[in-house]
Amino acid sequence: MTGYRIDDGLVAEHNAVLEAELAADYEHLGAKLARSGRDIEAITAEVQRFKVAVPTWGVGTGGTRFGRFPGPGEPRNVFEKLEDCATIQQLVRCAPTVSPHFPWDRVEDVTELKERAQALGLGFDAVNSNTFQDQRGQKLSYKFGSLTHTDPAVRAQAVQHNIECIEIGRKLGSKALTVWIADGANFPGQQHLTKAFERYLDSMRQIYAALPEDWSVFLEHKLYEPAFYTTVIADWGSSYLAATALGPKALCLVDLGHHAPNVNIEQIVARLIQFEKLAGFHFNDSKYGDDDLDSGSIDPFRLFLVFHELVNAVVEQRPGFAPAYMMDQSHNVTDPIESLMSSAIALQRAYAKALLVDRDALSAYQESNDAIMALETLKRAFETDVGPILATARMRAGGAIDPLAVYRTSGYRARKDAERPQTPNLGGGIV
Ligand code: AOS
Ligand code: ZN
Ligand code: ZN
């Protein structure tokens, strides 16, 4: 049974009030861009093509190891999570797929899950496995690792779980499995660094062998946490080595928060594109570590620089370039739906600005070593207010000019609070 949905009439009503003003802003921006040979319509059409997946766990309030403070009307199961994802898509129109997680989203009937998603207009993106926690009734513990555990029986259990995820994903119409493992060590000497990596490769080979023909496996690296001395797949180097050893279906996934502070992520992205190993992204933002803050909330310029590399790849027609985009954020103090909507728009914003870069000029400045003008060229694009493009793209796709305003006016959260009496444990909050 589907609960309350925002009436499309409310979206239309809101848009009607804002439409004239938006048209004027759009026209003004169009004229401005035209002066430098840019066609606003082409940019808007391109922005409309940009899509990002919502992780099912993202619509619940996140948490830290110190606590979780659930908000009202949180989804209590995957079906309710789908409703919230559909609401995000209804208003922003660039998030038509969800990325499920198992076992958090485990259901009796996978076909029902697929059908319920379809009925809400949603598809499925990469499937996420979980061997970083012990589940109730689980035979062997992952306390000391999963795919890299010293005990072959634990490794076999973890491999089996990943294969089950592939099976579920197949039924859902997904095309990729994302593997993030927490395996590592907290103390020097605790783990034989080379043997742990060998065990990882051995386990991943078995998972790789279970991939359907048209599937990929995304290897997600992370510097630290929960292991604090060493993590087996800590960086893009380890990820790249593993992906290369495994074969063409294995690709490296970049979660923006999974690097040491100030690491040049756009350079990592450029390298992975160059060597055809970029799987895609888990978008978020951070000030310190794996903060999982909203995309673009801390360092929008860095996000823009990442998108600049992505647009370069398209313009330069880099082979095998087809990255998967997902948001991986933990919403601790905001309404997750609001955060995800504004984050999706922040990604579109970075993309639109990257599309505005005068690449011919930039290339000439690079060739002549004109550092200041090269930077200016990027800054000119970054500093352009592309808001009218984003709002127009949304409106043309049937979404809201001002998604937050429509969402708040609708009273969606209060309606869900009434519909979804809470049980204490939502599960899956900490990402
Ligand atoms: C963990 O830090 C990672 O970001 C994971 O991508 C993810 O949040 C987790 O696997 C949930 O499925
Ligand atoms: Zn992630
Ligand atoms: Zn993370």
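The values are calculated or read from the model by the stated rules, or taken from the named source; none is laboratory data. Because the structure is a prediction, the values reported are computed rather than measured. Cβ coordinates were reconstructed from backbone atoms using ideal geometry, including for glycine residues, and neighbour counts include every protein chain displayed. With ligands, DNA and RNA removed, areas are computed over all heavy atoms of the protein, side chains included. Shrake-Rupley method; radii C 1.70, N 1.55, O 1.52, S 1.80 Å.
Considering only the range 315-334, I want to know if a residue exists there that is more than 16 Å from ligand 3 (Cβ to nearest atom) and farther than 28 Å from residue 274 by Cα. So far as the range 315-334 goes, yes, one or more of its residues are more than 16 Å from ligand 3 (Cβ to nearest atom) and farther than 28 Å from residue 274 by Cα. Pull up the range 173-186, narrow it to residues that are surrounded by fewer than 19 Cβ atoms within 10 Å (Cβ to Cβ) and under 24 Å from residue 109 (Cβ atoms), then point me to the one that is nearest to the chain's Cα centre (by Cα). Ranking the qualifying residues of the range 173-186, first place goes to 175. Residue pairs whose Cβ atoms lie under 6 Å apart, separated by 6 or more positions or on different chains, with the first residue in the range 94-113 and touching a residue at least 40 places away in the same chain (Cβ under 8 Å) and the second among the acidic types (Asp, Glu), are 97/125; 99/125.
Checked against the criterion of being more than 16 Å from ligand 3 (Cβ to nearest atom) and under 21 Å from residue 95 (Cβ atoms), the range 280-302 has at least one qualifying residue.
For the range 188-196, check the following and say yes or no: at least one residue is within 28 Å of residue 115 (Cα to Cα), away from ligand 3 (no atom under 16 Å from the Cβ) and either among the aromatic types (Phe, Trp, Tyr) or in a helix (DSSP H, G or I) (or both). No, the range 188-196 contains no residue that is within 28 Å of residue 115 (Cα to Cα), away from ligand 3 (no atom under 16 Å from the Cβ) and either among the aromatic types (Phe, Trp, Tyr) or in a helix (DSSP H, G or I) (or both). Residues in the range 120-160 that are within 21 Å of residue 326 (Cβ to Cβ), of a type outside the set (A, V, I, L, M) and crowded, with 20+ Cβ neighbours inside 10 Å: 124, 125, 128, 129, 130, 131.
For residues that are more than 14 Å from ligand 2 (Cβ to nearest atom) and more than 15 Å from residue 278 (Cβ to Cβ), scanning just the range 247-263, find the one that is farthest from the chain's Cα centre (by Cα). My answer is 247. None of 270, 279 is within 16 Å of ligand 1 (Cβ to nearest atom), farther than 26 Å from residue 29 by Cβ and buried (at least 17 other Cβ atoms within 10 Å of the Cβ) except 279.
Listed by first and then second residue, the pairs linking a residue in the range 344-370 that is over 14 Å from residue 304 (Cα atoms) to a residue that is of a type in the set (Phe, Trp, Tyr), with Cβ atoms under 7 Å apart and 6 or more places separating them unless they lie on different chains, form an empty list.
Quick check on the range 394-402. Is at least one of its residues on the phi < 0 side of the Ramachandran plot and without any contact (Cβ under 8 Å) to a residue 12 or more places away in the chain? The answer is no, given that none of the residues of the range 394-402 is on the phi < 0 side of the Ramachandran plot and without any contact (Cβ under 8 Å) to a residue 12 or more places away in the chain.
Per the conditions (1) over 17 Å from residue 91 (Cα atoms); (2) open to solvent by 60 Å² or more (accessible area, probe 1.4 Å); (3) not aromatic (Phe, Trp, Tyr), the sole criterion not satisfied by residue 42 is (2). Would the range 270-278 turn up any residue that is within 12 Å of ligand 2 (Cβ to nearest atom) and under 19 Å from the mean Cα position of the chain (by Cα)? Scanning the range 270-278 turns up no residue that is within 12 Å of ligand 2 (Cβ to nearest atom) and under 19 Å from the mean Cα position of the chain (by Cα). Residues in the range 231-242 that are within 20 Å of residue 257 (Cα to Cα) and of a type in the set (Gly, Ala, Ser) were compared, and the one that is least open to solvent (accessible area, probe 1.4 Å) is 239. From the list 366, 422, the one residue that fits, being of a type in the set (S, T, N, Q), surrounded by 13 or more Cβ atoms within 10 Å (Cβ to Cβ) and not in a helix (DSSP H, G or I), is 422. For the range 139-153, the criterion of being away from ligand 3 (no atom under 16 Å from the Cβ) and assigned to a helix (DSSP H, G or I) is satisfied by at least one residue.
Scanning the range 62-119 for residues that are open to solvent by 10 Å² or more (accessible area, probe 1.4 Å) and within 17 Å of the chain's Cα centre (by Cα) turns up 81, 89, 93, 96, 97.
Pairs are defined by a Cβ separation below 7 Å, a sequence spacing of at least 6 or placement on different chains, a first member in the range 284-298 that is surrounded by 21 or more Cβ atoms within 10 Å (Cβ to Cβ), and a second member that is at pLDDT 95 or above and of a type in the set (Lys, Arg); the pairs so defined are 296/349. Considering the range 24-124, the qualifying helices (runs of 4 or more DSSP H), each wholly inside and each with 2 or more residues that are more than 23 Å from residue 177 (Cα to Cα), run over 40-49, 78-92.
Selection of the range 250-265 for residues being touching a residue at least 24 places away in the same chain (Cβ under 8 Å) and surrounded by fewer than 17 Cβ atoms within 10 Å (Cβ to Cβ) yields 260, 261.
Within the range 308-350, the set of residues being farther than 18 Å from residue 291 by Cβ, assigned to a helix (DSSP H, G or I) and under 14 Å from the mean Cα position of the chain (by Cα) comprises 341, 344, 345, 348.
Restricting the range 202-230 to residues that are more than 13 Å from ligand 2 (Cβ to nearest atom) and assigned to a strand (DSSP E or B) leaves a set whose member that is nearest to residue 131 (Cα to Cα) is 217.
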